[in-house]
Each structure stands twice: as C-alpha cells, then as structure tokens.
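Engineer: Following this message is one structure expressed as structure tokens.
The values are calculated or read from the model by the stated rules, or taken from the named source; none is laboratory data. Since the model is a prediction, treat every value here as computed from it, not as a measurement. Positions of Cβ are generated from backbone atoms using ideal geometry, with glycine treated the same way; all protein chains shown enter the neighbour counts.
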Amino acid sequence: MGDRDMDYRDGHGRPTVVVTGMGVLTSLGQGQADNWRALTAGVSGIRRISRFPIGGLKTTVAGTVDFVTVPEISAPALSERIAELVIEEALAEAAIGQQAGASGSDFPGPLFLAFPPVEMEWAQRIALVAASGANETVTYDDMLRAAGTGQFKRFYERFLFGSILEHLADRFGTKGSPIGTNTACASGGTAIQLGVEAIRRGECEAALCVGTDASINPESLIRFSLLSALSTRNDPPESAARPFSKDRDGFVMAEGGGALVIESLAHATARGAAVLGVLEGCGERADNFHRTRSSPDGKPIIACMQHALADAGIAPEQVDYINAHGTGTPENDKMEWLGVSAVFGERAGAIPISSNKSMIGHTLTAAGAVEAIFSLLTIRHGRLPPTINYDTPDPALPVDCVPNVARDAQVTHAISNSFGFGGQNVCLVLGAPG
Amino acid sequence: MPPEHNGAVDGTRSVVTDDARRALVDGPRDALITGIGLVSSLGDGAAAHWAALDASIGFHTVLDTEQFAPWMVHPMVPLALDSQIPKRGDQRQMEPWQRIGVYAAGRALEAAGVKGDAALLGAMDMIVAAGGGERDYAAETVILSALQGAADPGTLLNERLLNDLRPTLFLAQLSNLLAGNISLVHGVVGSSRTLMGDEPCGADAVHVACARIAAGQGDLMLVGGSYNAERPDLLLHYEMGGLNRRQPWDGIWGRQVAGGGLVFGSVGCFLVIESRAHAAARGAVPVARIAGVATDRCRRQPGQATGNAARQLAGFSGALDRESAAVLSGASGAPLPTEEERAWLHALGLPVRAVATALGHSLEAAFPTGLALAAMAVSRGRLFAPLEAVEAPMTGTLRQALVTGWGHWRGEALALVTQA
C-alpha cells in the first residue's frame, strides 16, 4: 500500500467514504438552496392537511409535499416521484451517472433506498368495489371478481414492494439488485450505512443512498394517531412540532426525500469531484425493551452513538453538533437527552443539538437521509439550523437546542441520530471535507 | 483471503471467496450455515422437512383447496408457539406473518446453539427480508360497505378507521416489526435491518450477510424471512396481476403447459450464517457452506434473466463440481420467468427440484428457504427424490447445490451451497 493509497483510507485502514452530491426535498421546498434558506430562517413547512378530508381527525396538520404531483396519488407513487427529484439533484451536483443526450442515466454503482412499506390504499379498494358492482355488503370475493377482469393490472405493479426500486433502477441505471430497506424512522440512516459498508469492503466505488417517504394518507395518519404518537396541537399548524419544549405533545408526520451520492475518496479524487463531506462513521444497536418505547436505561441508544463514534475513530470531545432525532414526542426527547448526556458527559448541555423536525416535521423513512444532508449543509455553511417553537424550555432537558434562531458555528464533526419503532437505531458521524 | 467482488462493471453483485475457487479450501471468512429454522406446510424444523421430502412412499404436497377456492394455498402446520414465544402478550401483539417468522427465527437460534446466549445475541447482526403484515379484513369490508353511497365518504372513512382499527394492529403490519419482534422475543440486538422488495430482498439479505462476513464486517448473522400465504389481500394483489393459479394444482413445471401461475405457501425460514473462524471458536457444527451468492436485475426482456444467471454461474465456475451438484430452483410459477429458467436449467443439465412445488411460493422467504433445503441436502450427501415427473432422479453423492432465485417480476439470484 503506497503513501498515496493511505491518503484515501480512514483510521481503520478502510476506504474513506465521501459525499459528492446531495438532493433534498421537504415541505419547505425542492432543492438544497430553498431548503437551507427556509431552515436557517426558522420557517415551518407544517400546514393544514388539504390532500384529503380532515373531518373526524384528532390531528389535522402535517408536512405534506403538495407541490409535487403525480397521476393517481398513492404513497408509493409520490414516494417514487420525490426520489426521482432528489436523485436528479444529487447526480447533477456530483456530475456523475448522467449520459449527455441519452434519455436515461447510467449511475456506476448500486442503489440503497429507504422507503415506507407498500400496500394498496383506500382509493384502490374503493375503485375495485365500484368495478365489482357489489351490493350493500362488500366482501373480498367482490374485489377478487373485479381484480380478475385484468383492468387493475397497474395496481398490481404499483403496489409491489419492488416497484419503486425497480423503476428507479431502470431510470437511473444503477448497478445490481437495488436494495430497499426499512428500519422505521431509522431507515434513511440504514440506507446510508449499507452504502458505506459496500464501499468499505470494495464492492463498489460509488453508491446512491436515498430515503423517500410520502405516506400521508388517512389510514397512515390514523394508525400513528391511534398509537398516541402525533401532536394534536393543530392551531396554528406551524406550532405543532415542539422538540425539547416542556409542552411538546407528539411528532408531526411529514413527507420528503434525500439522496446522497457517496464514493470512495480515491474514486472521487480520480474523477475530480468536489467533496462535500465525509461519512466518517455509522453505528447501530437494536433495542429489545418494547415495540415503541426505548429501554428506560437508554443503553441501546447510548451504544448506538458510541458505536458510531468508534467507527469514525473520533472521541466524544470532537463532536461539535448533534442533529437530533428530536421528534417532539415526550418519550423520544427525554430518552435522547438521557443518551446524549451519558455519551457526552458534562459537555452534553454545551453541545448544540437541534431538531430539523421542528420545521420539516418527521419525514419518517426519509428522515435519516434528509437530516444527514442537513447536517452536511450545517458543516458546509458553518451555521446551525434552529429548533423552532422552543417557547417553554423543559427543565428536565437542559439542552442547547439552538432555540428559535439559527447561529453561526464552526462544525468539523457532527452526528445525526435516528431512532425507530421496533427498536432500530442508527447514528451517523459526518465530517468536514479533509 | 480478501473477497472478490465484481459489482460495478456488469451489475452482478457477487461474493465468491478466493478460497472457493481453490478447490474449496477452508478459509476463516467462509460463510457457514450453522442453524436452520424452517416451518411450512410440510412441518416444523429441518428434520421434519427432510422426512417429508425424502419419504419412501413419495412426496405429497399439502394444500388447502377450500379456504380460498377456486385458488389454493400451502397452509402452515400448527405451531407450538409457546415454545418459542413464551409470553402470550407478545403473541397477541403479532399477526401470523410475524409469529411464523419469530418462531422460525427461534428454531434457527436453537439449532445453532445460540438461543438464550446473551453475549452471542448481543453481537449478532440480523437482516430480515420482509413484506407487509396482515390487515383487519373484517373491519375493512365493513368500512367498504359503509362507504357505499355515503354522503361524505372522506369523513366517514376517517371516523370508521379511528373507531375500527385496533391501535396495535399497526405494529403487526410494519415491515420492520418482524425484526423488532425477534429482538424483543429472542434478544437479537447487535443490529437489526429489514430489507424489502419481494423475492430479490431475500437474496439481498443473504448476499449482504455473506459479503459482510467475507469482509470482516460481521461474524454472526441471523438472516431470513416469513410469508403468510393465507391472506385474502395478497390473493387480491396477485389476482390483479393475473398471476394466481386456479385449481387443480400441479407442480411448478407441470403447470406451465396450462398457463402456469403462482400458488403461495406459508413459510418461515431463518438461517444462522457465521464465519468459519467464529463457528470453530465456539465449537458450532456447521450444516453447510455458502460458497458464493450473486444478485442482479434486468428489465426482463427475453433472454436477459438467462444472461444474468449465466454470468452469475460463470463467477462460481472454479468452485462448481458438476458431477456432484444439483439445482434447487426458486421458480415461482409465473409463466414467463419460469419458462425462461426452465430452458436455462435444461441446458445446464443438472438434476433440478422446484422448491415451490413442495412448499408453495413464499416471496421474501423463498431464497433463504432454497438455501435451507440445499444445506440440508448437501449435509446428507444426497438429493431428495423428484417432486414431479419431469425432474430427474439423482443417485450419486450430492456435495454441492445451486440455488436459483428469480423473482416472479424482477430480480435474479444464484447461490452455491457446498459441504461445510
């Protein structure tokens, strides 16, 4: 191994993994520029739901992406479209995988995609029932009869779990089997971790890591509502997401997507790509305490952050900023603070820790990717996005959450936390270009 | 030995250790199967499956032709759930697909000798291949009935969902909650990842596990999936696609002359996959070795899937011993890919068994299940008897098995399983 080669390796002797392109879309807008402007101005993307009737609902606000339209809206259809838009932005920035004059792209590596579970929705069921000519009492036999006519073949493909993956692989020319992942609210982080590991073991030189989620429909909203996970502070909508505040009462569902082109540093350097940041480390740890609650001793999320720091080869003292999971549920923020205080000790209260979700809501399976991008923008611009709606500090959480107003700070190393239902936790360590 | 990968050039993502090509010399980073948990219509456990497949009176498929007539399914055998999921509260919080999977995972951990070993489970990495969970069919049809002619269907839908959905049902539906329940019930907490995407994600899960083991990114993995075929919503989905096989039943190959089609089977299959060094250090007895696994995709233009399979096989060529090898095919029964795979396998000339003839097609669980049967067969040194007339008997010693995994819509995978 020559000296030159060593320059392209991390402290563990593995290929250094860097980010060379990013695309992001949230309820705040499309693209890095619009999102960063709004995010650092403390703007909320949370609004009254207009996509479907809200009569009878306890929660009537969400971070819907209404400016992107698709024919026959459904979670997979809109998730796929959002993924396309963020991938296009990321490929353009990285100047990779685009064939001049050709209709398709030709990305030189695999796709790792975090997306929400897929199932047929009420609009499709209602269409089947209508086509079946069912009388007042509808049965599955009625829908099966309509299905057998062959006129709903498009629903079959749309609601295959593999359809988003395969459509994106077709469109962007990614290589090999496209890998779809779901670790609930940690999914975006898992997609990035899968890509980092593939590059580290020399399986590929570049990977496309994407998280996308557009699952705001009546049933998804109601399912979270029935778990008492959502904020019911509906007025005004932009006040609903209140991470770290004493009066926080739940998270706000939201839509969005984030795409990262990641490469080995050697590959990026050889093709003259600009390095936007370094994916220094990933950590994970599963929790076996409860389906929706963290272990009360915080051990899994503590181990998750410690694994990430060890993987990155940095000490807790080197972390300048924490991009919080920060959902704004009473439980999450308490447990996250418990974890952060254990990992960072006396410094915990002095490290800025802000929640993008105060403005964009919880983009669920996309959150890990979206917030990794915002963490890299934080490093790049030297400016910390705030936690808005921080009017009533919670004395139990003595955090510096960058209250309400962005501020300048030099950030060399940041961590981004993602903790999911089902006890699946991921922490990423992101660093400034070397 | 460092692994070789040929990912970025032609798309095939493949793990074949150098050792595999050197006449299968043992290497410390070899991926070994040290535990199998398999449940299906044929029984509970590897031994029960072997007994059913290898029966001296000939193999008999187990079918439920009544519940979903004119369609049919291979139903799950009754499981002694308490033996693997001791808390009734845990059982209640799951739907059948999760119970099947958690049960099979427990059986795999037991077989590998890691069940209840907190130190090993704390370092164990889990990769689950999953779809989605059951719905509340009764509530759903009641709501659809109420919506017929409703004045304000949107508000009515909201009100009925709020009233009629069980709050905990969501957690029985989420794809990642099979893994979540395995962590809760069995204590597998090193890491937990769920892959989604129909049949290919079952192969991706195995590939990622083997690639991580080869590269030293893990030593002890729990990999698998589960599928509950006894679900009207899944029947509905494939009926929209025009893919369900109607009665009468026939084997995967035999049914192709009458249009083919899918017959699903309830299956739970988990494998403990472990580096040779790790297995040796704790004295675990391996069942078989995964000497290579490759995954890829194409648009399924005629011949493309065959091209992928041929490239994948070429990647194993140094390790494949044709004289002692057979194929366990994951062919789904969907007409076009099944016919193309049949032609490729015919040209290959090895004895073939179509797993879905025996167990039904099990989507995400299908590829791990093919590996499980392959491991059982090579460890016994012989292939079980043909499942249908067109499958040739094999009298010689079996030392290797190829496992195919062509998705009914997309994705092609191939593995080479050898004696440990």
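Engineer: Could you tell me whether region B:369-387 includes any residue that is within 14 Å of chain A (Cβ to nearest Cβ), within 30 Å of A:S163 (Cβ to Cβ) and touching a Gly at 6+ places or on another chain (Cβ under 7 Å)?
Structural biologist: No: region B:369-387 contains no residue that is within 14 Å of chain A (Cβ to nearest Cβ), within 30 Å of A:S163 (Cβ to Cβ) and touching a Gly at 6+ places or on another chain (Cβ under 7 Å).
Engineer: Across region B:169-220, what is the total count of residues that are within 7 Å of another protein chain (Cβ to nearest Cβ) and touching a His at 6+ places or on another chain (Cβ under 8 Å)?
Structural biologist: 3
Engineer: Count, please, the residues in region A:268-297 that happen to be over 22 Å from A:G188 (Cα atoms) and surrounded by 22 or more Cβ atoms within 10 Å (Cβ to Cβ).
Structural biologist: Going through region A:268-297 one residue at a time, the tally reaches 1.
Engineer: Something else now. Only residues that are within 13 Å of chain A (Cβ to nearest Cβ), of a type outside the set (D, E) and either touching a Leu at 6+ places or on another chain (Cβ under 8 Å) or without any contact (Cβ under 8 Å) to a residue 60 or more places away in the chain (or both): list them for region B:226-240, please.
Structural biologist: Correct list: B:Y227, B:P232, B:L234, B:L235, B:L236, B:H237, B:Y238, B:M240.
Engineer: Any idea which of B:R282, B:R289, B:R342 is crowded, with 22+ Cβ neighbours inside 10 Å, of a type in the set (K, R), away from chain A (no Cβ under 14 Å) and farther than 22 Å from B:G197 by Cα?
Structural biologist: Step by step, each of B:R282, B:R289, B:R342 is checked, and only B:R289 is crowded, with 22+ Cβ neighbours inside 10 Å, of a type in the set (K, R), away from chain A (no Cβ under 14 Å) and farther than 22 Å from B:G197 by Cα.
Engineer: Can you report the number of residues in region A:13-50 which are within 14 Å of another protein chain (Cβ to nearest Cβ) and among the small types (G, A, S)?
Structural biologist: Final tally of qualifying residues: 2.
Engineer: Output the number of the condition that B:A55 fails; it satisfies all remaining conditions of (1) at pLDDT 95 or above; (2) surrounded by fewer than 18 Cβ atoms within 10 Å (Cβ to Cβ); (3) more than 11 Å from every other protein chain (Cβ to nearest Cβ).
Structural biologist: It fails just one condition, (1).
Engineer: I need the helices (runs of 4 or more DSSP H) fully contained in region B:110-171, keeping only those with at least 3 residues that are buried (at least 16 other Cβ atoms within 10 Å of the Cβ) and hydrophobic (A, V, I, L, M, F, W, C).
Structural biologist: Those helices (runs of 4 or more DSSP H) span B:137-147, B:153-164.
Engineer: Could I ask something else about it? Could you check how many residues of region A:259-289 are of a type outside the set (S, T, N, Q), within 11 Å of chain B (Cβ to nearest Cβ) and not in a strand (DSSP E or B)?
Structural biologist: Qualifying residue count for the region: 3.
Engineer: Is there any pair linking a residue in region A:212-241 that is farther than 26 Å from A:Q124 by Cα to one that is part of a loop (DSSP other than H, G, I, E, B) and at pLDDT below 95, with Cβ under 9 Å and at least six apart or on different chains, and which?
Structural biologist: A:S228/B:P167; A:A229/A:T292; A:A229/A:F421
Engineer: OK, next. Within region A:383-399, does at least one residue satisfy the condition of being closer than 26 Å to A:A38 by Cα, in a helix (DSSP H, G or I) and touching a residue at least 12 places away in the same chain (Cβ under 8 Å)?
Structural biologist: Among the residues of region A:383-399, not one is closer than 26 Å to A:A38 by Cα, in a helix (DSSP H, G or I) and touching a residue at least 12 places away in the same chain (Cβ under 8 Å), which makes the answer no.
Engineer: I'm trying to understand the selection: among the residues of region A:78-98, which are surrounded by fewer than 19 Cβ atoms within 10 Å (Cβ to Cβ) and more than 17 Å from A:V370 (Cα to Cα)?
Structural biologist: The answer is A:A92, A:A95, A:Q98.
Engineer: Given the condition surrounded by 24 or more Cβ atoms within 10 Å (Cβ to Cβ) and within 13 Å of another protein chain (Cβ to nearest Cβ), answer yes or no: does some residue in region B:267-276 qualify?
Structural biologist: no
Engineer: Taking the residues in region B:172-209 that are in a loop (DSSP other than H, G, I, E, B) and in contact with a Leu (Cβ under 8 Å, 6 or more places away or on another chain) as candidates, determine which candidate is surrounded by the most Cβ atoms within 10 Å (Cβ to Cβ).
Structural biologist: Going through the qualifying residues, I end up with B:G197.
Engineer: Quick one: B:A48 ticks every box in (1) at pLDDT 95 or above; (2) crowded, with 17+ Cβ neighbours inside 10 Å bar one, so which box is it?
Structural biologist: Going through (1) at pLDDT 95 or above; (2) crowded, with 17+ Cβ neighbours inside 10 Å one by one, B:A48 breaks only (2).
Engineer: Looking at region A:405-419, is at least one residue crowded, with 23+ Cβ neighbours inside 10 Å and within 14 Å of another protein chain (Cβ to nearest Cβ)?
Structural biologist: The answer is yes, given that some residue of region A:405-419 is crowded, with 23+ Cβ neighbours inside 10 Å and within 14 Å of another protein chain (Cβ to nearest Cβ).
Engineer: Give the residue that is nearest to the other protein chains (Cβ to nearest Cβ), with candidates limited to residues of region B:11-39 that are at pLDDT below 55 and over 18 Å from B:G216 (Cα atoms).
Structural biologist: B:R21
Engineer: Something else now. Checking the condition of a type in the set (S, T, N, Q) and more than 23 Å from the chain's Cα centre (by Cα), which residue from A:Q306, A:Q318 passes?
Structural biologist: Selected residue: A:Q318, the only one of A:Q306, A:Q318 that is of a type in the set (S, T, N, Q) and more than 23 Å from the chain's Cα centre (by Cα).
Engineer: Let me ask you something else. What number of residues within region B:127-151 are within 7 Å of chain A (Cβ to nearest Cβ) and either touching a Pro at 6+ places or on another chain (Cβ under 9 Å) or closer than 16 Å to B:G268 by Cβ (or both)?
Structural biologist: Counting residues in region B:127-151 that are within 7 Å of chain A (Cβ to nearest Cβ) and either touching a Pro at 6+ places or on another chain (Cβ under 9 Å) or closer than 16 Å to B:G268 by Cβ (or both) gives 4.
Engineer: Looking at (1) under 20 Å from the mean Cα position of the chain (by Cα); (2) touching a residue at least 60 places away in the same chain (Cβ under 8 Å), which is the only condition A:T378 fails?
Structural biologist: Tallying (1) under 20 Å from the mean Cα position of the chain (by Cα); (2) touching a residue at least 60 places away in the same chain (Cβ under 8 Å), A:T378 fails exactly one: (2).
Engineer: Looking at (1) in contact (Cβ under 8 Å) with a residue 60 or more places away in the chain; (2) within 23 Å of B:P200 (Cα to Cα); (3) part of a loop (DSSP other than H, G, I, E, B), can you tell me which one A:L168 breaks?
Structural biologist: (3)
Engineer: Considering only region A:61-78, state which residues are outside any loop (DSSP other than H, G, I, E, B) and touching a helix residue (DSSP H, G or I) at 6+ places or on another chain (Cβ under 6 Å).
Structural biologist: Matches in region A:61-78: A:V61, A:G63, A:P76.
Engineer: A further question follows. When you go through B:G318, B:G307 one by one, which is the residue that is touching a helix residue (DSSP H, G or I) at 6+ places or on another chain (Cβ under 9 Å), surrounded by fewer than 22 Cβ atoms within 10 Å (Cβ to Cβ) and more than 26 Å from B:L109 (Cβ to Cβ)?
Structural biologist: B:G318
Engineer: Look at region B:394-419 and say how many of its residues are out of contact with any helix residue (DSSP H, G or I) (no Cβ under 7 Å at 6 or more places or on another chain) and either modelled with pLDDT under 95 or within 14 Å of chain A (Cβ to nearest Cβ) (or both).
Structural biologist: Total satisfying the criteria: 1.
Engineer: Test A:E219 against the stated conditions and say whether it is within 10 Å of chain B (Cβ to nearest Cβ), charged (D, E, K, R) and in a helix (DSSP H, G or I).
Structural biologist: So A:E219 fits the description; yes.
Engineer: Only one residue in B:G283, B:G303, B:G241, B:G224 is in contact with a Phe, Trp or Tyr (Cβ under 8 Å, 6 or more places away or on another chain) and farther than 17 Å from B:S332 by Cα. Which one?
Structural biologist: Answer to the selection: B:G224.
Engineer: Residue check: is A:V17 crowded, with 24+ Cβ neighbours inside 10 Å and either touching a Leu at 6+ places or on another chain (Cβ under 6 Å) or at pLDDT below 95 (or both)?
Structural biologist: yes
Engineer: Looking only at region B:119-141, which residues are of a type in the set (A, V, I, L, M, F, W, C) and over 22 Å from B:R92 (Cβ atoms)?
Structural biologist: Passing the criteria: B:A119, B:L120, B:L121, B:A123, B:M124, B:M126, B:I127, B:A129.
Engineer: Quick check on region A:51-69: of everything there that is hydrophobic (A, V, I, L, M, F, W, C) and surrounded by 22 or more Cβ atoms within 10 Å (Cβ to Cβ), which residue is farthest from the other protein chains (Cβ to nearest Cβ)?
Structural biologist: A:V65
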